[in-house]
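Novice: Have a look at this one.
The values are calculated or read from the model by the stated rules, or taken from the named source; none is laboratory data. In this text, all values refer to a predicted model and were calculated from it rather than measured experimentally. All Cβ positions, glycine included, derive from the backbone under ideal geometry; neighbour counts span all protein chains shown. Surface areas here come from the heavy atoms of the whole protein model, side chains and all, with no ligands, DNA or RNA. Shrake-Rupley method; radii C 1.70, N 1.55, O 1.52, S 1.80 Å.
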Amino acid sequence: MRDVKIEFKKPIYPVSDELNHYLEKYHRKTKASIEYDDLMRFSGCVTLEDKEGNDTHWLGVYYTDSEHQEIQDSLNRIYTYLHSDGDEESLPYLVVDSIDYCTFGNSKPFRIRVRNILNDNYTNFYIKQADASRIYGLELEDILSPHRINFLVYKNTLIEEHILGIPGDVFIKNYLDKCNDLEKNQIAKEFVKFNERCFIGLLGDMRSYNYVVIPIHDFDQVIYRIRPIDFDQQCYEGNLKIYRPQYFKENKIMVDLVMNRLKSNSIDQYRKEVKSLISKRISNSSKRFRDLMKIMKNDTISKEENIVLLKKGFTKFYRDKSYEECSTMGEILYKAIADSLEQIK
């Protein structure tokens, strides 16, 4: 199995006025008294390790006494904006347990853990730099996939809810072998569907640590869902294979599971099910989808050489030279979705 690689770090693309208007229209904008850059002013940090003593690439950060209370109050308010439309009745019972900073990857997020002191329940959310391509990825996930996702934007700051689940690499290492045959068959089916959703929506770099596996108990069985947690590589790379999780070496065990447990006609059927669901979701959210595509078609979220390479890839894949007329990633995505869904008619 050949691995595909991402050679260069993706830049952060600014949020255009048109995209800001879209976010305002569909209630993705919020007010806040703290931004990503404010959190970067931490005064110290400690390395965070997992239960086995391995470096997690996260740092526990802390702030001076003069800033700590103000930052905590602001983060608690952001929590209410994200989960209760800014209802402040719960503010006296919220406390920020930890603020962690990730040194790995493009987005360099902060992970905020807020706890309710009345019952000790806690919730995580993330604060990142607002990046147009990432925002498009979040919106497309909410529109096209079976999963809802909650996020807000304030100026140059992106606030994302935490997506529950077992990180794919952890699941493969610690849990997959413990699954019975029926569960492995079901996981194989879900990986096929996940692989197809990523390709249709041009969400790249879905290596095992960029998605989660979600076990759901249903009467006398456990079923599994797979969903992405990192939307940094939305419509950026030019290599068509980067949008298929099956081509990453980190997913080889999942690919082997599919090949060993599913027949080709079953794989085709699951791919058709994904396309049918996406078609229905676009139909049910047609105005929102058209609004997003109109903006995305005119936005700059990739380099020109990546656009040229991806056009060539789709021209060869669909044997359709009309891809050569596309001039932006948004135009390529819109045509690729249309062509993919046309196959189920």
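Novice: Please go through region 231-241 and give me each residue that is closer than 22 Å to E160 by Cβ and touching a Lys or Arg at 6+ places or on another chain (Cβ under 9 Å), ordered by number.
Specialist: F231, D232, Q233, Q234, Y236, E237
Novice: Now for a different question. Given the conditions (1) touching a helix residue (DSSP H, G or I) at 6+ places or on another chain (Cβ under 8 Å); (2) part of a helix (DSSP H, G or I); (3) not acidic (D, E), and given that I301 satisfies all but one, which numbered condition is not satisfied?
Specialist: Against the list (1) touching a helix residue (DSSP H, G or I) at 6+ places or on another chain (Cβ under 8 Å); (2) part of a helix (DSSP H, G or I); (3) not acidic (D, E), I301 comes up short only on (2).
Novice: Only residues that are open to solvent by 30 Å² or more (accessible area, probe 1.4 Å) and in a loop (DSSP other than H, G, I, E, B): list them for region 233-243, please.
Specialist: Hit for region 233-243 is N239, nothing else.
Novice: Looking at region 119-132, is at least one residue modelled with pLDDT of 90 or more, under 26 Å from K173 (Cα atoms) and crowded, with 19+ Cβ neighbours inside 10 Å?
Specialist: Yes, region 119-132 contains a residue that is modelled with pLDDT of 90 or more, under 26 Å from K173 (Cα atoms) and crowded, with 19+ Cβ neighbours inside 10 Å.
Novice: Applying the selection to region 96-107, what residues are of a type outside the set (D, E) and either loosely packed, with under 14 Cβ neighbours inside 10 Å or at pLDDT 95 or above (or both)?
Specialist: If the condition is that a residue be of a type outside the set (D, E) and either loosely packed, with under 14 Cβ neighbours inside 10 Å or at pLDDT 95 or above (or both), then V96, S98, I99, Y101, T103, F104 are the ones that fit.
Novice: Among the residues of region 203-223, count how many are more than 19 Å from I149 (Cβ to Cβ) and touching a strand residue (DSSP E or B) at 6+ places or on another chain (Cβ under 9 Å).
Specialist: Of the residues in that region, 5 qualify.
Novice: Name the residues in region 177-191 that are open to solvent by 10 Å² or more (accessible area, probe 1.4 Å) and not charged (D, E, K, R), would you?
Specialist: Passing the criteria: C179, N180, L182, N185, Q186.
Novice: Additional query: Is there a residue in region 149-171 that is closer than 14 Å to Y36 by Cβ and open to solvent by 50 Å² or more (accessible area, probe 1.4 Å)?
Specialist: Yes; the residues of region 149-171 include at least one that is closer than 14 Å to Y36 by Cβ and open to solvent by 50 Å² or more (accessible area, probe 1.4 Å).
Novice: Checking the structure you have, find out if any residue of region 207-221 is outside the structural domain of M40 (by the TED database), over 26 Å from K51 (Cα atoms) and touching a residue at least 60 places away in the same chain (Cβ under 8 Å).
Specialist: No.
Novice: Scanning region 193-223 for residues that are open to solvent by 20 Å² or more (accessible area, probe 1.4 Å) and either among the aromatic types (F, W, Y) or part of a helix (DSSP H, G or I) (or both), which turns out farthest from K108 (Cα to Cα)?
Specialist: The qualifying residue farthest from K108 (Cα to Cα) is F219.
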